[in-house]
1. For residue 30, indicate whether it is free of Cβ contacts under 8 Å to residues at least 60 places away in the same chain, of a type outside the set (Phe, Trp, Tyr), at positive phi and out of contact with any strand residue (DSSP E or B) (no Cβ under 7 Å at 6 or more places or on another chain).
2. With respect to residue 101, determine if the residue is of a type in the set (Lys, Arg) and out of contact with any Gly (no Cβ under 9 Å at 6 or more places or on another chain).
3. So the check is Cβ under 9 Å with 6+ separation or different chains; which pairs have a first residue in segment 115-133 that's under 16 Å from residue 69 (Cα atoms) and surrounded by fewer than 21 Cβ atoms within 10 Å (Cβ to Cβ) and a second one that's at pLDDT 95 or above and polar (S, T, N, Q)?
4. Could you list all residues from segment 73-114 that are of a type in the set (Val, Ile, Thr) and loosely packed, with under 12 Cβ neighbours inside 10 Å?
5. Scan segment 126-169 for residues that are assigned to a loop (DSSP other than H, G, I, E, B) and polar (S, T, N, Q) and jot them down.
6. For segment 98-124, name all the residues that are part of a strand (DSSP E or B), of a type in the set (A, V, I, L, M) and farther than 27 Å from residue 163 by Cβ.
Amino acid sequence: MRVLFIGDIVGNPGRRIIREKIPQFRKEKRIDFVVANGENAAGGLGITEKTALEIFDSGVDCITSGDHLWSKKEIILYLQQETRILRPANYPPDAPGRGARVFTLNGGERMGVLSLQGRIFLKEIDCPFRTALLEIERLNSEFRNPPSPLTLPILVDIHAEATSEKIALAWYLD
């Protein structure tokens, strides 16, 4: 399984480079699944249905996000229907959208994607460490239904300001 993760797609220049490069890059490198952070795709702040569709049409399979996701209010309704966009899972459970999901790739393989947001220098939300464990268990339980001894590969994207928080989460989950 070959997975490509792309950091923040920022504004029109970011969307343009995705449009121009991802289809050929996927083909050349035989990429099975592409995840990109798209929280700044609309004018450099936020994301809209239109910009999300442009990103998906360019070959991205899943869009993760962070605190800027909420900058364009029209995304709120779209999050309730579009399962390929993930908001941080450690937002309150009644927030629109979902924070993690199991995806089935073209070859039938499955993988999980979990979006989290850090708390250092950002607004206080639920603990990303505690949320990560709960969501990983939920994703694995969904994957093992019916029961299976296999473990689901899970890509974790943490949108955080402090590198130390990202590193701590990596050590914690390792």
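1. Values: free of Cβ contacts under 8 Å to residues at least 60 places away in the same chain: yes; of a type outside the set (Phe, Trp, Tyr): yes; at positive phi: yes; out of contact with any strand residue (DSSP E or B) (no Cβ under 7 Å at 6 or more places or on another chain): yes.
Yes, satisfied.
2. Details: of a type in the set (Lys, Arg): yes; out of contact with any Gly (no Cβ under 9 Å at 6 or more places or on another chain): no.
Taking the combined requirement at face value, the residue does not satisfy it.
3. Every condition considered, the pairs that remain are 119/90; 123/117; 125/90; 125/117; 125/131.
4. Within segment 73-114, the subset of a type in the set (Val, Ile, Thr) is 75-76, 83, 85, 102, 104, 113.
Listed by number, the list holds a single entry, 104.
5. 145, 148, 151
6. Of all residues in segment 98-124, those part of a strand (DSSP E or B) come to 98, 100-104, 110-117.
Okay, now just the ones that are also of a type in the set (A, V, I, L, M), so 100, 102, 111, 113-114, 116.
If the condition is that a residue be part of a strand (DSSP E or B), of a type in the set (A, V, I, L, M) and farther than 27 Å from residue 163 by Cβ, then 102 is the only one that fits.
Conditions tested, residue by residue: (1) touching a Phe, Trp or Tyr at 6+ places or on another chain (Cβ under 7 Å); (2) part of a helix (DSSP H, G or I); (3) farther than 27 Å from residue 126 by Cβ; (4) touching a residue at least 60 places away in the same chain (Cβ under 8 Å).
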residue: 26; (1), (2), (3), (4): no, yes, yes, no
residue: 40; (1), (2), (3), (4): no, no, no, no
residue: 43; (1), (2), (3), (4): no, no, yes, no
residue: 46; (1), (2), (3), (4): no, no, no, no
residue: 54; (1), (2), (3), (4): no, yes, yes, no
residue: 59; (1), (2), (3), (4): no, no, yes, no
residue: 69; (1), (2), (3), (4): no, yes, no, no
residue: 73; (1), (2), (3), (4): no, no, no, no
residue: 91; (1), (2), (3), (4): no, no, no, no
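The values are calculated or read from the model by the stated rules, or taken from the named source; none is laboratory data. Since the model is a prediction, treat every value here as computed from it, not as a measurement. FYI the Cβ positions are ideal-geometry reconstructions off the backbone, even for glycines, and counts take in every protein chain you see.
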